[in-house]
Every structure is written in structure tokens, then in C-alpha cells.
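Reading through the C-alpha cells given below for one structure.
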Amino acid sequence: MRQSIPIIPCVLILILVAAGTVSAQSNPEWTEPFPPFCIAGNLYYVGSKGLASYLVTTPQGNILINSDLEANVPMIEASIERLGFKFKDTKILLISHAHWDHDAGSARIKEMTGATYLVMDGDAAVVESGGKTDFAYGNTPAFLYRPAKVDRVLHDGDDVRLGGTVLVAHRTPGHTKGCTTWTMRVSEHSKTYDVVILGSPNVNPGYKLVDNPAYPQIAEDYELMWRVLKSLPCDLFLGAHGSYFGLEEKYPLLKKGSANPFVDPDGYKKYIVQKEQDFRAELARQKLAAK
Ligand SMILES: [Zn+2]
């Protein structure tokens, strides 16, 4: 009987792919189910293999980070229910950044749960335009989605509080103008961990870092992001995609009684160093090409 849970989303995926969902076609892992699980304390993984979503449970309802593609919403709902929680108890919806693979399902989740939608300044207008005002992808029809109303615009350093849990929104711009890295603390087995859920440090193919009229301060914003990311204390390393922090490699190591594989402060530091190097190489290449 347990098999019936992943089968339902698979059928949905096939229908949606057949209907021409470009993003699902080009990234099959985005809509591939992944087992939901407790990361630590009141923090749970409820995303797919390729798109990370997190549930933070509290006595006053739950916080969901990342709605993913609209096609993923039934899978997120199933994951939450499979963990023993109620999807309808989702009180607050947050995102990593305003790209369709993290926010296209938000309108549907708001309708289904009545959750309050909180989005960072710089990304809020993009969310409310359904991606049309995105500086890079606004004219790419395949990357547009149903607009969703933002109930509260967040600013750098804002707290999101519910039932005794506090998440802090760090503006880490560049990848999008309001790209958000979330931090919180979780307690497990009498230990408290600093959690970092990385928004995105990536310079996507086609991103103009030099002379970009749609985002003139893009390079400076990436610089700001590196400073912020390097300043954050991190024990538990997570992010908007499982590939950032090795979800597939670490998940099988998560066994009761042994060290939590997601506690990886060195992995976080190394990842940031590597991504900053990639950014500097791309910036240098584009500066040279612009001469
Ligand atoms: Zn993105």
C-alpha cells in the first residue's frame, strides 16, 4: 500500500509532461518524488528529488519553504501528510527566490491552505507578476506561472515567527534581486544547530554580470551575497536544490543514533568558496569580453 503514494504524482507528471510542461521535460528530477523525512528537530524535507521544500512544524501551525512547480504541489501535500502533519495547517509560505522552480505552486498552495505568503523585497513584485518582471526570464513564456499575492514584503534581517520558532530572512541577492537565505535554530538530542537554507549562489547561463540594464547592480549584489553567506554560522547545510548540499548522498546516511549527515559546516564553507570562485571566473570572462 505504501507504494501508492509515489505512484499518484508520477501519473500526474506524465500527464503534465505530455501537455508540454517544458520545465518538467528538461529537468525530470524536479518532479521525481523523494521520501519525506525529518532533517532535525521540527525541520522536515518535503520536496522532490531535484527541488527542495522544507516544513517547519510548530504548535500553532506550520511554515512551508518553497512551493516549487505547480505540478509538485500534490507531491508536497502527500509528503506532509505522510509525515503525519496536515497540509491545511500550513500557515506561512516562504520561498528561496522568485524563480518558477521554487514559487510557481504558490498561488495553488495559498488557495488550498489559506497560508500567508511572505516574500523578500526585490522578489515580491516578480512573484506578483507571475515571473514577467524577472530581469532574466521575464520574456520566456515557459518560465512564467500563475501570479500570487504577497501578503507581507520582507526586508533583510526580518524575522518570521510562529509557535515559538523564528526564521530569519537574509537578503542574498544576485541570482534574483530578492534571493533569500533562511536561517533558524533547531534542537535535537539536547544539541542546538544553526541551520542555513541557501537561496542560490549560482550565476545562471546567460546571466549578464556586466552592463546589464535590467539589473545594473547585479555584480555588486553578488558581492553582497558572498559577504552575507560567509558571515552566517552554519551547522546544518541546506538549500533550494538538493544538489547544493548533497541530498541524495546524505539521505541514506541518516540513521537513528549516528551523526546527522546534514550537519556539515565544512561542506557549507567549501561550497561557498567554490561558488564564489565560479562567480569570479565568470565576471572576469565577461569583463574581458566587454573591453
Ligand atoms: Zn533560480
remark   = Surrounding charge for residue 125, neighbours by C-beta under 11 angstrom, Lys/Arg +1, Asp/Glu -1, total -2
request  = Past 18 Å, Cα to Cα, is the threshold; run 110/132; 110/177; 230/269; 208/291; 230/275; 49/149 against it and keep the listed order.
outcome  = 110/132; 110/177; 49/149
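Where both partners of a DSSP beta bridge lie in the chain, what percent of those bridges are antiparallel, to the nearest 5?
Numbers: 27 of 40 bridges.
That works out to approximately 70 percent antiparallel.
For every other residue with a beta carbon closer than 14 angstrom to the beta carbon of residue 72, add +1 if it is Lys or Arg and -1 if Asp or Glu, then tell me the sum.
Working: positive: 49, 108, 146; negative: 29, 32, 68, 70, 77, 101, 103.
It works out to a net charge of -4.
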ask   = How much area per residue is accessible in the stretch 149-243 when the probe is 1.4 Å and only protein heavy atoms are counted (Å²)?
value = 42
inquiry  = Roughly how far apart, in whole Å, are the Cα centres of the stretch 25-80 and the stretch 82-137?
reply    = 13
message = Below 8 Å, C-alpha to C-alpha, sequence gap of six or more: please give me the relative contact order for the chain in percent.
response = 13
message = Placing unit charges on C-beta atoms (Lys and Arg positive, Asp and Glu negative, everything else neutral), compute the dipole magnitude of the chain about its Cα centre in debye, rounded to 20.
response = 260
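Quick one: pull the percent of accessible area on the chain belonging to carbon and sulfur, 1.4 Å probe, ligands and nucleic acids left out.
Details: 7210 of 13050 Å².
Answer for the chain is 55 percent, counting heavy atoms of protein chains only.
What percent do you get for the relative contact order of the stretch 237-280 when only Cα pairs under 8 Å and 6+ apart count? Provide the component values of the computation, followed by the final result.
Details: 22 pairs, mean separation 16.2, N = 44.
37 percent.
The values are calculated or read from the model by the stated rules, or taken from the named source; none is laboratory data. What you see is a predicted model, and the numbers here were worked out from it, not measured in a lab. Don't worry about glycine lacking a Cβ; one is built from the backbone with ideal geometry, like all the others, and counts go over all protein chains shown. Accessible surface is based on the protein model in full, side chains and every heavy atom, while ligands, DNA and RNA are left aside. Shrake-Rupley method; radii C 1.70, N 1.55, O 1.52, S 1.80 Å.
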